[in-house]
Amino acid sequence: MAKNSPRTPTAKRKTGRRHPLAAVALIAIGLVSTGGAYALFTSSATADTTASQEQLIDEGGKLFAANCATCHGMSLQGTSEGPTLIGVGEAAVHFQVSTGRMPLAASGPQAEEKPVQFTDEQIQALYTYVGSKSPGPGLPSEETLAGDGDAALGAELFRINCAMCHNVAGAGGALTQGKFAPALTGVESIHVYEAMVTGPQNMPVFNNQNLTVEDKANIITYLQFLDDNPSVGGFDLGNLGPVSEGLFIWIFGLGSIVAITVWLTAKSN
């Protein structure tokens, strides 16, 4: 019988097992590669954003110097012809310029809305430039302007805070010394929000302590409801309130009663 030869180390079969640290090394390589790619991408995106922002600011500075600095000063400090713009923020500039109120056509009790003098790109450059000089209220988010808030709560907030000037139906109204509160029908939601946070003309400022962002969104929802459902109660008589309604009753209501009385008397005779 042949004797079994002893097994030597060289005769062992390979098991095919990996080194215990191989998985760790692969994970580390993957993390380093992913992190490096992300850092490269974000740095490139940040550089592009910064360059675009600087270009907007530069363009806005030129537009401001040519169209606004005469009244508001080269450093936004204001002059005897116009108020300071330090701290007004992007929202105030966007509201005034995109509604045509600025540049001012002529001095008067208040700036009135007129055709817009600048393109959307120029308006963006202007408010970006002013916002870069001094922080202030910014533009609202799309969610705030969506009109999907609570219209009933918005109506209540509007009656408490806005109706004394703008009328409960948003029809506007007269103020003192030739000033007026404009009608809010058909006004863009972004302009309503900007007016609340910046207080243009005679309007008070409603910051987030007075009216939260959610409250402002509810008021915007109510005004959008009025635009979609004008005069839900019937003939609105111009939405001028109890004066016009009282005159209607006196003139047409009592007049009809008198006419019927005269007719009945004449018929009996």
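The values are calculated or read from the model by the stated rules, or taken from the named source; none is laboratory data. Because the structure is predicted, anything quoted here is derived from the model rather than measured. Note that we place each Cβ from the backbone using ideal geometry, even for glycine, and neighbour counts take in every protein chain shown. What goes into the accessible areas is simple: the full protein's heavy atoms, side chains included, and nothing from ligands, DNA or RNA. Shrake-Rupley method; radii C 1.70, N 1.55, O 1.52, S 1.80 Å.
Limited to segment 178-225, what total is found for residues that are of a type in the set (Lys, Arg) and within 14 Å of Asp150 (Cα to Cα)?
Of the residues in segment 178-225, the ones of a type in the set (Lys, Arg) are 179, 216.
Among the residues that remain, those that are also within 14 Å of Asp150 (Cα to Cα) are: 216.
So the count comes out to 1.
Does segment 92-100 include one or more residues that are under 19 Å from Ala183 (Cβ atoms), of a type in the set (Val, Ile, Thr) and within 15 Å of the chain's Cα centre (by Cα)?
Our first condition is that a residue be under 19 Å from Ala183 (Cβ atoms); within segment 92-100, this holds for 95-96, 98-100.
After this cut, where a residue has to be of a type in the set (Val, Ile, Thr) as well, the list is 99.
Keeping just the survivors that are within 15 Å of the chain's Cα centre (by Cα) gives 99.
Checked against the condition, which is being under 19 Å from Ala183 (Cβ atoms), of a type in the set (Val, Ile, Thr) and within 15 Å of the chain's Cα centre (by Cα), segment 92-100 yields at least one hit.
Counting only residues that are in contact (Cβ under 8 Å) with a residue 40 or more places away in the chain and small (Gly, Ala, Ser), which one in segment 193-229 is farthest from Met102 (Cα to Cα)?
Only one residue tops the list, namely Ala217.
Looking at Ala152, Ala195, which one is part of a helix (DSSP H, G or I), open to solvent by 60 Å² or more (accessible area, probe 1.4 Å) and within 14 Å of Ala217 (Cα to Cα)?
Values: Ala195 fails: open to solvent by 60 Å² or more (accessible area, probe 1.4 Å).
Answer to the selection: Ala152.
If I ask for residues that are open to solvent by less than 30 Å² (accessible area, probe 1.4 Å) and touching a Gly at 6+ places or on another chain (Cβ under 7 Å), which ones from segment 168-183 would you list?
Across segment 168-183, the qualifying residue is only Ala181.
When segment 23-67 is examined, which residues are found to be farther than 17 Å from Ile123 by Cα, open to solvent by 70 Å² or more (accessible area, probe 1.4 Å), modelled with pLDDT of 65 or more and of a type in the set (A, V, I, L, M)?
Within segment 23-67, Val24, Leu26, Ile27, Ile29, Leu31, Val32 qualify.
Taking helices (runs of 4 or more DSSP H) that fall entirely within segment 68-148, which contain at least 1 residues that are on the phi > 0 side of the Ramachandran plot and surrounded by fewer than 20 Cβ atoms within 10 Å (Cβ to Cβ)?
Working: elements: 69-72, 89-98, 120-133.
Correct list: empty, since no element meets the threshold.
Which of the residues spanning segment 155-192 are farther than 18 Å from Gln96 by Cα and assigned to a helix (DSSP H, G or I)?
If the condition is that a residue be farther than 18 Å from Gln96 by Cα and assigned to a helix (DSSP H, G or I), then Ala155, Glu156, Leu157, Phe158, Arg159, Ile160, Asn161, Ala163, Met164, Cys165, His166 are the ones that fit.
Please name all residue pairs, on different chains or six or more residues apart, with Cβ atoms under 9 Å, provided the first residue is in segment 51-68 and is without any contact (Cβ under 8 Å) to a residue 12 or more places away in the chain and the second residue is open to solvent by 80 Å² or more (accessible area, probe 1.4 Å) and not in a helix (DSSP H, G or I).
Ala65/Met74
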